[in-house]
């Protein structure tokens, strides 16, 4: 059963699909999907992460060069009981793309 969902804006001029294709393997229980427009068009590509009972995340300005960092984020997020990632340094540039974290 998939518990965690990483959604990538699929309408960002093909860049969303390129990012999704570059991410590679994700941990068990994490699904990656292309989503309809997330309405953050000023910062393409937009990425959201959510799971029941966990904080949700929204990133903007993410590109294929951030694919490895996104996979690292997925691993850390899946392993965090409440979804809160205390040390974002392993995410490299992706940590500066964070628009917001929404408490569970």
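Only residues that are surrounded by fewer than 17 Cβ atoms within 10 Å (Cβ to Cβ) and either touching a helix residue (DSSP H, G or I) at 6+ places or on another chain (Cβ under 8 Å) or at positive phi (or both) were counted in region 86-99, giving 6.
A single member of 91, 70, 76 is under 21 Å from residue 17 (Cβ atoms) and assigned to a helix (DSSP H, G or I), and it is 70.
From the list 81, 36, 103, pick out the single residue that is surrounded by fewer than 14 Cβ atoms within 10 Å (Cβ to Cβ) and closer than 13 Å to residue 7 by Cβ. One residue alone meets the criteria, 36.
The residues of region 14-31 that are crowded, with 19+ Cβ neighbours inside 10 Å and under 12 Å from residue 71 (Cα atoms), listed by number, are 19, 20, 23, 30. Picking from residues in region 46-67 that are in a helix (DSSP H, G or I) and touching a residue at least 40 places away in the same chain (Cβ under 8 Å), the one that is surrounded by the most Cβ atoms within 10 Å (Cβ to Cβ) is 66.
If the condition is being under 11 Å from the mean Cα position of the chain (by Cα) and without any contact (Cβ under 8 Å) to a residue 40 or more places away in the chain, then region 9-31 contributes 9, 20, 31.
Being in contact with a helix residue (DSSP H, G or I) (Cβ under 6 Å, 6 or more places away or on another chain) and within 20 Å of residue 43 (Cβ to Cβ) is the filter here, so list the residues in region 61-84 that pass it. Once the filter is applied, which keeps residues that are in contact with a helix residue (DSSP H, G or I) (Cβ under 6 Å, 6 or more places away or on another chain) and within 20 Å of residue 43 (Cβ to Cβ), region 61-84 yields 61, 62, 64, 66, 67, 69, 70, 73.
Each value in this text was obtained by applying a stated rule to the coordinates, not by laboratory testing. It should be emphasised that the depicted structure is a prediction, and the values quoted were computed from it without experimental measurement. Using ideal geometry, Cβ is built from the backbone for each residue, glycine included, and neighbour counts are taken over all protein chains shown.
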